[in-house]
1. K61: net charge of surrounding residues, Cβ under 12 Å, Lys/Arg +1, Asp/Glu -1, itself excluded?
2. Sort L143, L97, L149 so the one with the fewest other Cβ atoms within 10 Å of its own Cβ comes first.
3. Can you give the extra length, in nm with one decimal, that the chain gains between K49 and T118 once fully stretched, where that is 0.36 nm per residue apart less the Cα-Cα distance?
4. In what order do I168, I76 fall by count of nearby beta-carbon atoms within 10 Å, going from fewest to most?
5. Mind sorting K150, K65 by how few other Cβ atoms lie within 10 Å of their own Cβ, fewest first?
6. Provide the net charge surrounding V131, with neighbours chosen by a C-beta distance below 11 Å and charges set as Lys +1, Arg +1, Asp -1, Glu -1.
7. Assuming R0 = 22 Å, can you tell me the calculated FRET efficiency for the pair E59 and D103, based on Cβ-Cβ distance, to the nearest 0.05?
8. Would you kindly state how much longer the chain becomes between K69 and R87 on full extension, computed as 0.36 nm times their sequence separation minus their alpha carbon distance, in nm to one decimal?
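No value in this document is a laboratory result; all are computed from the given coordinates. Remember, predicted model here, so these are calculated numbers, not experimental data. Every residue, glycine as well, gets a Cβ built from its backbone with ideal geometry; the counts of neighbours run over all protein chains shown.
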Amino acid sequence: MTQVYVFVVSATVFLASSAWLPEAGSSRLVNLNADTSAPALPSNLFLEKEPEGAKTVEEVKASAKAGDKVVFRGRIGGSKAPFVEKRAVFTLMGAGLKACSDDPEDKCTTPWDYCCDTPEAIAKHSATIQVVDASGAPLRVGLKGANGLKELSEVVVQGTVKEAKDKIMIVNATGFFIAKP
């Protein structure tokens, strides 16, 4: 009994000194020194003035190469969930495809998913937009709702092409101008 007591006291002292404590109602340990604050979006990400010379997604995709500085316009969409949850990533659709809501006869409940188009057409007219940290990884914060961003928002993106091949284009955004929330 004494050995068990010493072990429990030693374990408690060790856990307290290393800032790991049991989570209430769980057998999981929580690191009290862990940074649990969500990363913030860059303060200059949302632009007050529309950048000049914006092209369409399709125009940029036609000639884009990794490293190119680009400015282009589109609408957030392309799937039922165009925003990646808890990541600064979304899909932007070019003007070459129309959202379901552009047809007054269409009663689609998720018009931003472009469900009337084929997956191949969606891929051809879309770009992945991400805001990254210094290591090039997408920020661990969602963009949906930031400055009014939502499905079908018309956005002008300013950034650098990370990857462009076949139907894929990924852009590391440095600025957003929300043309139409």
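1. Details: positive: K55, K65, K124, K165, K167; negative: E58, E59, D68, E163, D166.
Net charge around K61: 0.
2. On the way: L143 25, L97 22, L149 18.
With the sparsest Cβ surroundings first, the list reads L149, L97, L143.
3. Numbers: separation 69, 0.36 × 69 = 24.84 nm, distance 3.47 nm.
Extra length available between K49 and T118 comes to 21.4 nm.
4. Starting with the residue having the fewest Cβ neighbours, the order is I168, I76.
5. Details: K150 15, K65 9.
So the ranking, lowest neighbour count to highest, is K65, K150.
6. The answer is +1.
7. 0.35
8. 4.2 nm
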